[in-house]
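Below you'll find the structure, written out as structure tokens, and then a few comments.
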Amino acid sequence: RARRPDSRRPTPAPASPHRPPFTPAMEDELEDIASIADDVEDDDVGSDSHSESTDQDDPEDAETDFDMATRVGHLSRAQIAQLPAEAQLEKWSESFLPIEADLVTELDASNLFFIHAESMIFDIISSGEVSFEDDTQFLRLVFSMERLLGRLKGAGCVFRLVFFDASKKLFNAAFGECVWAFRQAFLVHCRSAGIDHVVFPHWYAQEWKDHVTEWRPSFFLLANNDVELDLEEDDEDRKLRVFFHAFAIRCLAARTHVALLRGLQFRGNRILVFTLEPDLYDAYIDFNAQTSLLALFSEEDEDEEEDDGDGESLVAGLKAFKEKAGDKVDSRALLRSFLAVRFGRSTLKQGEGQNEQTVALMQVVVKALLVQEMLLRQIPLDKRAFSTSLAADWNLFSEYIVAALERYFSTVSRDLGKLMQEDADGVDLFTADFFDGRLYRHVFQFIVDRGLAKKGKVEQKAFLFSSWVEEELEFLWSECQAEGPFFPITTQKLADIQGIKPPELPPKVQPRKPPQLADIKSDFLQELGKVEEIKHVELLENAGHADIVTDEVLWSKCGWTPGVYVDEVKEEEFMEQTKAQRQMEEKVKAKGKVTARDLEFLKKFAMKRRQMGLRKLQIYAKSLVGSDKLPPPIIVREEKDDKKEEEDKKDPKKKEAPKEEKLSKKHQELLDKKKAEEDAKIKDADKKQLEAWEKPLDKIAETVDLDKLETLLLDQLLGYSRTIHDYFVGFPGVAAAFKTSEAQAKVVVKTIKSLRGVFKKVQLDKLPPADQTKASRLVRYLFTICQEAMNSYGKKDIDGKGIKTIQEALISVGFPKTAERSFQKWKEHRLKAEEEAAEDAGAAAAAKGGKAGKDDKKKPAGKDDKKKDDKKDKKDDKKDKKDKKDKK
């Protein structure tokens, strides 16, 4: 297994007797070929493969700069020094054995890694997963690539697609212009779909080295295939054969693992790939490969500069074409129609001055392209799986029309490359379904075949198109600056061309017959048939040897016997004989004659074996549960008082009521005070949270983009962990942030007010048809929010301003009756709440008055006054007696 690499700090290579130590003399010569490794770790002490000089451009001085004794597989550098760079790369690729590793756990795919996009394209086409060269279906290849990327993303991988413009020569040499046109279309698709990607001229460019140094990917995922080219190879083809080997060894210079696309497997939650370790890097071979390929890449850059055309802005032309087309071309077909018109215009202009036969053939090529454009807009990919002839079966198509399509792909790839360099905001760049070769070939064959049968003219009724389709075709044809209408399509001049007659279409593929299986009597199948009838197979009743095909793999290779079936139930019930049983059976056979006494002995022996087995099973069961070591269970039964139950039934009033716990006045005051403090804390927290939510709620009111508005709305009200998008019951996001229903009601009412303001700004009734679905979904959201706000907070938390906001929102989206019913419902709740409050206040006042009267009853009127008067009289009597004594 491969060790898990450190995504931040590369591990130095182990010491080797063939590798000299790092010396200061080597340190000054690291700035070119090993600059990436130096940027990753300046003070790293690595092997000589990362420390050898590569600044010298003269191959003759290589022996003085590199340790030529270092081995590449079973050969030394000195033995491969006389070979060209491409042969050295082949020897290097044969010398290592990739190690299988898990992409996520061992290579750290949860951190950023780079995927070579051209490697994905090459691997899918070369493996035969998609027959792109024959059918040239862009959408099918895009689906295969996005399926792989989607599975990687679903496993938690974080990746970035890397494109190199230097791949053009490889694709054109291996496949033709169509694959490079797909690469350009997929690059535009990544831009429009928001897939993370970067583009570089080649992997020896300084910006690529800086990018790797800045981001430090966990590993690189790319192809390592040998490119198969024509037998007659020139010097350029020999260099292209090792295209991916050169990139792989360049990636290893960054001291990072390289994972190979070929052999990638998904096994449950694991992704297994074959990997190359950084220790496999060889600076000498990398230096020679760079010297060889840089010249080839620079020639390609010069060709690109020569093909850059007249400098016309494609985005400006595309916007002008969109305004002129109006509703005749939808947004997803805009770029494809625009480029088809540009190709048609240039093709018809190129035909000026040619003979009539050539001009007629060019017109048929362009018209077939425009008809294919109309069909691509309406026919999905699964409906294009019809039977049609192959390009190789029609020499005219494979020789002449394919050459015209190569010119179309070359023009399209150049235009898409220019488009990537411009700012295309406000324009839909849909390129996933850019071209369908099977569909175009079928349309072209239909036009030629029908034209030859109808005396050189194909009328519009042959296609059975609707009137609006014919109008769009006429518009596209007029944009090609062609003379005359689109229909009829004339093919009179093509009748004299040798091999013009197309081949016969293959017959319609008949559906497969259900497989024939012998009817096996099985309890499982019978029970399964009761649940669902088995109709997808044909069962053969009483199938014998004659009904079974003996050339099947089961009979010829596995050695099964036809007509003999195994009863699975009996197979499960079967038990092998023990050693004692086998010995007893051998003893009886050796004796020869079996008497009645022997049979009785065998019977007793079997019974004894059975009893011993049961006893052993009982002991084993006890050991599992341990019940024999536990005390017996204690069962407590509650005795019922029957007499008391009968008395309670006769006189229910005697039944004692539950006693309420009496609290002192002091205790109750403490509890109330604690509760009031907790309520105050909750209200303060909700107040602070409400201030924090002001900015997100204001952002909703300012958002005009419907997609962003929907995301913000759902994030605020439902939270990020929502499973059902439009389930607003209880407003989970709001309820999780606020504890009091009063604060929750304020947030919901403000959201409704903000959403209504956005609708007023956007003017939903004036949106284009493409956005009507989003608008209707947002209207449903607003209605549901208003409904749930009334259900959750309408009884006591929504005030007069809140119900007014809800009414205005419902009326703005066309629900005036619902707004009126909501107000009436809110009014009923308010009146009922006021009545209950008045009743509670009256009851409290009555309770207070009753307590005062009770105190008066306890103290009768006049009793206290009488006591006071008696005391006063006694004092007066004592005073009079004292005065009399003094007089005496």
Checklist entry - Would you pick out the residues in the stretch 202-226 that are of a type outside the set (Phe, Trp, Tyr), part of a loop (DSSP other than H, G, I, E, B) and either open to solvent by 10 Å² or more (accessible area, probe 1.4 Å) or without any contact (Cβ under 8 Å) to a residue 60 or more places away in the chain (or both)? => result 202, 205, 216, 224, 225, 226
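For (1) modelled with pLDDT under 90; (2) closer than 25 Å to residue 130 by Cα; (3) not in a helix (DSSP H, G or I), each residue gets a yes or a no:
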{"position": "317", "(1), (2), (3)": "no, no, no"}
{"position": "323", "(1), (2), (3)": "no, no, no"}
{"position": "346", "(1), (2), (3)": "no, no, no"}
{"position": "352", "(1), (2), (3)": "yes, no, yes"}
{"position": "359", "(1), (2), (3)": "no, no, no"}
{"position": "363", "(1), (2), (3)": "no, no, no"}
{"position": "373", "(1), (2), (3)": "no, yes, no"}
{"position": "399", "(1), (2), (3)": "yes, yes, no"}
{"position": "404", "(1), (2), (3)": "no, yes, no"}
Checklist entry - List pairs: first in the stretch 686-702 and within 11 Å of residue 737 (Cα to Cα), second assigned to a helix (DSSP H, G or I) and open to solvent by 60 Å² or more (accessible area, probe 1.4 Å), Cβ under 8 Å, 6+ apart or cross-chain? => result 686/742; 690/746
Next on the checklist: So for the stretch 62-76 (the condition being modelled with pLDDT under 50, open to solvent by less than 60 Å² (accessible area, probe 1.4 Å) and more than 30 Å from residue 270 (Cα to Cα)), does at least one residue qualify?
Outcome noted: yes
Checklist entry - Given the conditions (1) under 27 Å from residue 313 (Cα atoms); (2) of a type in the set (A, V, I, L, M, F, W, C); (3) surrounded by fewer than 22 Cβ atoms within 10 Å (Cβ to Cβ), which single one is not true for residue 359? => result (1)
Next on the checklist: Please count how many residues of the stretch 321-338 are in contact (Cβ under 8 Å) with a residue 60 or more places away in the chain, open to solvent by less than 80 Å² (accessible area, probe 1.4 Å) and over 31 Å from the mean Cα position of the chain (by Cα).
Outcome noted: 3
Next on the checklist: For the condition on the phi < 0 side of the Ramachandran plot, crowded, with 20+ Cβ neighbours inside 10 Å, touching a residue at least 60 places away in the same chain (Cβ under 8 Å) and not in a helix (DSSP H, G or I), what is the one hit in 434, 430, 444?
Outcome noted: 434
Next on the checklist: Can you tell me which residue is farthest from residue 127 (Cα to Cα) among those in the stretch 227-264 that are open to solvent by 10 Å² or more (accessible area, probe 1.4 Å) and touching a strand residue (DSSP E or B) at 6+ places or on another chain (Cβ under 8 Å)?
Outcome noted: 256
Checklist entry - Of all residues in the stretch 592-607 being hydrophobic (A, V, I, L, M, F, W, C) and in a helix (DSSP H, G or I), which is farthest from residue 580 (Cα to Cα)? => result 596
Checklist entry - Which helices (runs of 4 or more DSSP H) sit wholly inside the stretch 105-201 and have at least 3 residues that are of a type outside the set (Phe, Trp, Tyr) and surrounded by fewer than 17 Cβ atoms within 10 Å (Cβ to Cβ)? => result 138-154, 177-193
Checklist entry - Given the structure, is residue 464 modelled with pLDDT under 90 and either open to solvent by 10 Å² or more (accessible area, probe 1.4 Å) or over 29 Å from residue 768 (Cα atoms) (or both)? => result no
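For the stretch 447-467, how many residues meet the condition of being assigned to a helix (DSSP H, G or I) and in contact (Cβ under 8 Å) with a residue 24 or more places away in the chain?
Step one: filter the stretch 447-467 for residues assigned to a helix (DSSP H, G or I), giving 447-453, 460-462, 467.
Okay, now just the ones that are also in contact (Cβ under 8 Å) with a residue 24 or more places away in the chain, so 447-449, 451-452, 460.
So the answer is 6.
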Next on the checklist: For the condition over 27 Å from residue 680 (Cα atoms), open to solvent by 70 Å² or more (accessible area, probe 1.4 Å) and of a type in the set (Gly, Ala, Ser), what is the one hit in 736, 770, 775?
Outcome noted: 770
Checklist entry - Within the stretch 418-427, can you find the residues that are surrounded by fewer than 21 Cβ atoms within 10 Å (Cβ to Cβ) and not in a loop (DSSP other than H, G, I, E, B)? => result 418, 420
Checklist entry - Within the stretch 778-799, which residues are open to solvent by 60 Å² or more (accessible area, probe 1.4 Å) and closer than 18 Å to residue 735 by Cα? => result 787, 791, 795, 796
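The values are calculated or read from the model by the stated rules, or taken from the named source; none is laboratory data. Please read all numbers here as calculations on a predicted model, not as lab measurements. All Cβ positions, even for glycine, are placed from backbone atoms using ideal geometry, and neighbour counts span all protein chains on display. To get the accessible areas, we keep the full protein, side chains included, count just its heavy atoms, and leave off ligands, DNA and RNA. Shrake-Rupley method; radii C 1.70, N 1.55, O 1.52, S 1.80 Å.
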